[in-house]
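Chemist: Handing you this structure, nothing more for now.
The values are calculated or read from the model by the stated rules, or taken from the named source; none is laboratory data. The structure presented is a predicted model; accordingly, all values stated were derived computationally and were not measured. In this analysis, Cβ positions are derived from the backbone assuming ideal geometry, glycine residues included, and neighbour counts consider all displayed protein chains. We work out accessible area using only protein heavy atoms, side chains counted, and drop any ligands, DNA or RNA first. Shrake-Rupley method; radii C 1.70, N 1.55, O 1.52, S 1.80 Å.
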Amino acid sequence: MAKIFVTRRIPENGLELLRQAGHEVVVSEKNDVLTRDELLEALKATSYDAVLCLLTDKINAEVLEIAPSVKIFANYAVGFDNIDVPALKGKEVFATNTPGGSSNSVAEHAMTLALTVAKRAVEADQFIRDGKYVSWAPFLLMGKELQGKTLGIIGLGRIGSRMAEIAQKGFGMKVIYSDIVRNGAMEESAGIHFHPVLETLLQEADCISLHVPLNNTTRHLMNKERLNQMKPEAILVNTSRGPVIDEAALVEILKNKKIFGAGLDVFENEPQLAPGLAELDNVVLTPHIASATHAARDDMSRAVAMNIIAALSGQTPPNALS
């Protein structure tokens, strides 16, 4: 029987799979983000065979030193920028993530943000709550339509592909994309167009949705220069990772009305926001909830459990990163 440490409570279905496989599951008593010291102390206190971690847990060489018995760090997340994958690979320790299960939920949320910005729905809701609605008016809170417009997707992975499908089939949008890997099959089957130069996509798209992992090449991918290359009436959506956008630069762009608006589910220094961001009325903010549906989170819980079960059985996990 192996011993597994879970850094924070997750949906029970995955934990039950681990127990059914004969493993002991120890869930952190603190149902909140563990501080660095708390994580290290927990791993020092007991010898574990596996750690089920979250995107808020930084897993690096220091953690490996503290927990030499751990065979796998299984991330309950699609992104894995919190894990030093090369460090784990060097120690022959598995790192895994949970891609796939949350793709539809995140893509739906990205489209929700685009629509909410386009229709100025949050402004309209607040307008009524503030008692300002007196009567219908011809020019009250004029928004935008997405039908027939061009969606630019940066990162055509599982989530980006699903976003493309929703935009095309649901809204008749033209879809263009930029990625380090070209998806010829989807170009042919869905009629989407590849832009090898990111700047040309930014200049053409009416709505831009970010679906890239966070790494050294994508940090501040949307910097001041690139933000300024967007159309004045364009919408920017981010459900990937906050640091992909230079948030301070975005505040200035939005403040000066250089684009129509933005929808953000992630932030550069979560949970803090760049100064002035929350005061702007042309940005919609949600608290990193793009995958927050019962179906998505249950799928993620099942996937993370299957990764651990495989590793502890001497097999390569389905979603191995190292």
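Chemist: With Cβ to Cβ distances under 11 Å as the rule, what net charge do the other residues near N215 carry (K, R +1; D, E -1)?
Modeler: Its environment carries a net charge of +1.
Chemist: Label point 7 Å out from S189 along Cα-to-Cβ: which residues of the range 103-125 have amide N under 16 Å?
Modeler: Within reach of a label on S189: 104.
Chemist: With contacts defined as alpha carbon pairs under 8 Å and 6 or more residues apart, what's the relative contact order of the chain in percent?
Modeler: Normalised by residue count, the contact order of the chain is 20 percent.
Chemist: Let me ask something additional. Taking the chain as a Gaussian network, Cα atoms linked when under 10 Å apart, which of A234, A118, A42 shows the biggest mean-square fluctuation?
Modeler: Among A234, A118, A42, the largest mean-square fluctuation in the Gaussian network model of the chain belongs to A42.
Chemist: Sticking with this one: Which values of log₁₀ I(q)/I(0), to two decimal places, follow from the Debye formula for the chain at q = 0.14 Å⁻¹ with a uniform point scatterer at every Cα?
Modeler: Debye curve over Cα of the chain, log10 I(q)/I(0) at q = 0.14 Å⁻¹: -1.08.
Chemist: Using DSSP to call loops (not H, G, I, E or B), can you name the GluC sites (Glu not before Pro) in the range 227-322 whose Cβ has at most 15 other Cβ atoms within 10 angstrom?
Modeler: Those that pass, being in a loop and sparsely packed, are E233.
Chemist: Another question, if that's okay. So, counting K/R as plus one and D/E as minus one, what does the shell of residues with Cβ under 13 Å around A87 add up to?
Modeler: Taking every other residue near A87 into account, the sum is -1.
Chemist: Please report the net charge: other residues with Cβ closer than 10 Å to the Cβ of K58, K and R +1, D and E -1.
Modeler: Local charge sum for K58: -3.
Chemist: Just to confirm, what accessible area per residue do you get for the chain at 1.4 Å probe, in whole Å²?
Modeler: For the chain, the solvent-accessible area averages 48 Å² per residue.
Chemist: Give the cross-link partners of K231 among the lysines, using a straight C-alpha distance below 29 Å as the criterion and excluding same-chain residues fewer than 8 apart.
Modeler: Once the sequence-local lysines are set aside, what remains near K231 is K119, K144, K149, K169, K174, K255, K257, K258.
Chemist: If you wrap a convex hull around the Cα atoms of the range 84-166, how much volume per residue is inside, in Å³?
Modeler: So the per-residue Cα hull volume is 148 Å³.
Chemist: Could you work out which residue, out of M300, M111, M163, moves most in a Gaussian network model of the chain, that is, has the largest mean-square fluctuation with Cα springs under 10 Å?
Modeler: The residue with the greatest mean-square fluctuation here is M111.
Chemist: A further question on this structure: Using 10 Å bins from zero, what percent of all Cα-Cα pairs in the range 1-125 falls into each bin?
Modeler: 12, 38, 28, 13, 8, 1
Chemist: Restricting to Cα pairs below 8 Å that are 6+ residues apart, what does the relative contact order work out to for the range 22-110? Please round to a whole percent.
Modeler: 24 percent
Chemist: Projected onto the charge dipole of the chain (+1 at Lys/Arg Cβ, -1 at Asp/Glu Cβ, origin at the Cα centre), which of G261, H23, M300 gives the Cα projection farthest towards the positive end?
Modeler: After comparing all options, I get G261.
Chemist: So what's the projected area for the range 175-277, the Cα convex hull averaged over all directions, in nm²?
Modeler: 6.4 nm²
Chemist: I need two numbers for the range 88-134: Rg to one decimal and Dmax as a whole number, Cα atoms only, in Å.
Modeler: Computed over the Cα atoms of the range 88-134, radius of gyration and Dmax are 20.5, 66 Å.
Chemist: Further question: At what distance in nm do the modelled label points of Y133 and I66 sit from each other, each positioned 7 Å from its Cα along Cα→Cβ?
Modeler: 5.1 nm
Chemist: Continuing with the same structure: In whole angstrom, and with the biggest value first, how far do the Cα coordinates of the range 123-217 range along each principal axis?
Modeler: Principal-axis extents of the Cα atoms in the range 123-217, largest first: 53, 32, 23 Å.
Chemist: May I ask you to give the percent of accessible area on the chain that is carbon plus sulfur, with a probe radius of 1.4 Å?
Modeler: Its accessible area is 52 percent carbon and sulfur atoms.
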